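Working notes, beginning with the structure itself.
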C-alpha cells in the first residue's frame, strides 16, 4: 500500500506520484490557492516528498505526511502573494467533479467550514484534509468509532446546508 511506496528507496517515482497525486491535488485545490498555481504546487509537493521520502518516520499516515508538505508549500505561496491560507477540504464526491478546483468554490467551502460548529469542522478536516480513518479520529479524540461516524454524518449535513443556504444574505 502507501507505506511501502513512501519507504522504498527505489528509483521509480511513478507509483509514488500515482498514489499521492489525487489527494494532494484535491487538498491544494481546496485551499484557495490561485487556480493557475494548483498544478505547480502539486508538482512541487510531490517532488519534495519524493526527494525526502527517507525522512518519513511512520509517525503519521503517509498521506498525512505528504499533505503536511503540501500545506507548507501552499502557505509559502499564498504568503508570497499576500493572501491568508485556509485549509478546508471536504469529500470531493459530494460535489460535482470540477467544482472543488474552482477558487470561488474553495472560498465558499472555507466560509462554510468557518460557519459550522467547530467540532464538526474538526472532524471534517481530520477525515478529508488529513486523510485519517474513522478509527484514527476516534482514537485521537478518545471516542468510539460509532460516535465519530455519527458526527461526520452530521458535519457533512451541516456543511452541505451551509453551502446551499449559508450565502443567501450575501
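Computed from the coordinates by the stated procedures, all read-outs in this text should not be read as laboratory data. In this text the structure is predicted, and so the values were computed from the model without any measurement.
Values for this structure:
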read-out	value
Chain lengthening between residue 76 and residue 51 when straightened (0.36 nm per residue, less Cα-Cα)	7.1 nm
Cα centroid of segment 40-79 to Cα centroid of segment 117-170, whole Å	24 Å
Quarter of the Cα convex hull surface for segment 8-75, i.e. its orientation-mean projected area (nm²)	4.3 nm²
